[in-house]
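As structure tokens, the structure follows; a few thoughts come after it.
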Amino acid sequence: MSEERRGYLYGLLAYVMWGFFPIYFKTLRPASPLEILAHRVVWSVVFVALLLTAMRNWRFLSRLLRSPRLLGGISVAAVLIAINWGTYIYGVNSSRVVETALGYFITPLVLVLLGVTVQRERLRRWQWAAVAVGGIAVAVLTVDYGRLPWIALLLAASFGTYSLVKKRLSLPPAEGLFVESSVLAIPALVFVAWLATTGDTKFGHVSALHTVLMVLSGVATAVPLLLFAASANRISMTSIGILQYVAPILQLACGLVIYHEPMPPARLAGFCLVWVALIIFTADAIRQGRRASRSRTATGSTAATVEPVTALPPH
């Protein structure tokens, strides 16, 4: 198997795993979203620490300790990913899987807006069109829900901002996950201990399977992230950008087919508008990528260029 095909396989596996996360987190009930989040953080630290030990890769810590600015950035990223994880778990376990899928459908559009407002990037005409259609979709969904789809918007905003911070930090996936989880580990352990003292903990009190699945939440967090990293090293970010839609499509299918969440006509219209926006966005990105490739070929340039699609792992 060629390296490119291996990259597509790794990427597809990662996004399929993320796509079926609703089923996994549903099985962790009756633990509360905060308890699930706390255990996810703690067991992520444990699993990635074992992985880094096996890889004998602890040298990155000396770089972190010498850079207060980097530590500060990681702390901000940790808070943002905790908000994202917690919101996702809450959404899944409050029977709003469809709304969580919406959040990851609109994340690329939020990333574009952050590029304009924070990075001072200039959007192309079709990118503006995609953002405008996405805005109309959110308005339609707001009317349908009778409220802002706040779970979807919070997921997209927290992950989009997290992606921006991570882009500036440039940490490898395993090391980044370890440090971010470590920042959150102390408050997570305090919360777990408090639940134990009050008798409100579900960990170890539901079933053996439930306890094992809580422990494995760290593995479930790290494995698709590492598969994503392996994929990103082998295929273009444009290809990754297309693969990223696999996860919310599967999440949407889980919500509709497995958990029978409602999809009234107005909500379906809102989702259709989101998909139209994503088609415009992706087609423009592919066109720009091909144009840049032809330009490099014509000039014989080997200089690196920025890929038109920004894709980072969810959850």
| Only one of V183, V179, V192 that is closer than 14 Å to I83 by Cα and buried (at least 16 other Cβ atoms within 10 Å of the Cβ) | V183
| field | Sole exception among (1) more than 30 Å from L113 (Cα to Cα); (2) in contact with a Gly (Cβ under 6 Å, 6 or more places away or on another chain) for G199, by number | value | (2)
| query | Residue check: is L164 among the hydrophobic types (A, V, I, L, M, F, W, C) and either touching a Cys at 6+ places or on another chain (Cβ under 6 Å) or closer than 30 Å to W58 by Cα (or both)? | reply | yes
| request: For the range 47-68, enumerate the residues that are of a type in the set (D, E, K, R) and either modelled with pLDDT of 80 or more or assigned to a loop (DSSP other than H, G, I, E, B) (or both). | output: R56, R59, R66
| Long-range neighbours under 6 Å by Cβ, at least six apart or interchain, first residue within 14 Å of T87 (Cα to Cα) within the range 29-41, second open to solvent by 50 Å² or more (accessible area, probe 1.4 Å) and in a helix (DSSP H, G or I) | P33/Y90; A38/F191
| remark: Filter the range 135-171 for residues that are of a type in the set (S, T, Y) and modelled with pLDDT under 85; the one that is nearest to G103 (Cα to Cα) is S163
| field | Failed criterion for I242 (all others in (1) modelled with pLDDT of 90 or more; (2) open to solvent by 30 Å² or more (accessible area, probe 1.4 Å); (3) hydrophobic (A, V, I, L, M, F, W, C) hold) | value | (1)
| request: Just give me the residues in the range 71-91 being small (G, A, S) and open to solvent by 10 Å² or more (accessible area, probe 1.4 Å), in sequence order. | output: G72, G73, S75, A82, G86
| Residues of the range 172-199 being farther than 21 Å from L64 by Cβ and modelled with pLDDT of 90 or more, which ones? | V190, F191, V192, A193, W194, L195, A196, T197, T198
| query | Quick one: in the range 1-60, which of the residues that are closer than 17 Å to P224 by Cβ and among the basic types (K, R) is least open to solvent (accessible area, probe 1.4 Å)? | reply | R40
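The values are calculated or read from the model by the stated rules, or taken from the named source; none is laboratory data. Note that the structure is a prediction, hence the values are computed from the model and not measured. Quick reminder, even Gly has a Cβ in these numbers, built from the backbone with ideal geometry, and neighbours come from all protein chains shown. Accessible surface is based on the protein model in full, side chains and every heavy atom, while ligands, DNA and RNA are left aside. Shrake-Rupley method; radii C 1.70, N 1.55, O 1.52, S 1.80 Å.
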